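Q: Pasting a structure below so you can have a look.
Here, each number is a calculation from the coordinates, and none is a lab measurement. Since we're looking at a predicted model, the values are computed, not measured. Cβ: placed from backbone, ideal geometry, glycine included. Neighbour counts: every protein chain shown.
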Amino acid sequence: MLVYLNIKKKFFICFFLTVTVFSQSIKYDGIIYYDDITMKYHLDLEIENNKITGFSITEKGNVNETKNNITGFYDTENKTLNIRELNIVQTKSIEEKLNFCYLNLVLEEIGKNALMGSFTGYYSDNSVCAKGYINLIKSKKIKKIEKKIKNKKKTIVKKEESILNNNNSI
């Protein structure tokens, strides 16, 4: 009985590790560009066995913020993500749902931290509403950059204060 439980325990641990290895959660922030318009864009992805699920947020933090469910797949050979917005989960916009533009994205990995690509947007009747480009950076990377900038600002302020104090004592 003890041997059976040990085997069962080892099997469970191996199974858990295998499942964990193939599941990845990644967040990206960036900008979409079309017709001389730029908009903030956020992706929150779950990638499991090359299948993508999650959500996108357009105009995050703004009055027209809209969250959509997404689906797609990761092409390991070409290192591209093909993502399609499915439906609106929530929106702050007063726009009618018929006027929303759902994006189909083709994104290429650029290094370890960025995605670049293009998109075509479709209304719910499948007519094209927008075509453009998209640039995204991993949210973690952006936070690291913001932290570095904040630290640099603190250093500059301290130097300025030091210079001002030295000039006042002269």
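Q: Residues in the range 76-101, backbone N under 18 Å from the label point at SER118 (7 Å along the Cα-to-beta-carbon vector): list them, ranges by number please.
A: The answer is 78-85, whose backbone nitrogens lie closer than 18 Å to the label point.
Q: Loop-only trypsin sites (Lys or Arg not before Pro) in the range 37-83, please: DSSP not H, G, I, E or B, and at most 12 other Cβ atoms within 10 Å.
A: LYS79
Q: Using the crude model of +1 on Lys and Arg Cβ and -1 on Asp and Glu Cβ, and no other charge, please compute the dipole size for the range 31-156 relative to its Cα centre, in debye to 20.
A: Dipole about the Cα centre, nearest 20: 1240 debye.
Q: If a paramagnetic tag sat 7 Å from the Cα of LYS27 along the Cα-Cβ line, which residues of the range 102-129 would have the backbone N under 17 Å from that point?
A: Residues 113-115 fall inside that zone.
Q: Another question about this same structure. Evaluate the distance, in nm, between pseudo-label points positioned 7 Å from the Cα of CYS129 and of GLU95 along their respective Cα→Cβ axes.
A: If labels sit at CYS129 and GLU95, their model points lie 0.5 nm apart.
Q: Follow-up question, since we're still on this one. Just subtract the alpha-carbon distance of ILE88 and GLU109 from 0.36 nm times their residue separation and send over the number in nm, one decimal.
A: Separation in residues times 0.36 nm, less the Cα-Cα distance, equals 4.9 nm.
Q: Counting Lys and Arg as +1 and Asp and Glu as -1, what is the net charge of the other residues whose Cβ lies under 15 Å from the Cβ of GLY72?
A: So the environment of GLY72 carries a net charge of -4.
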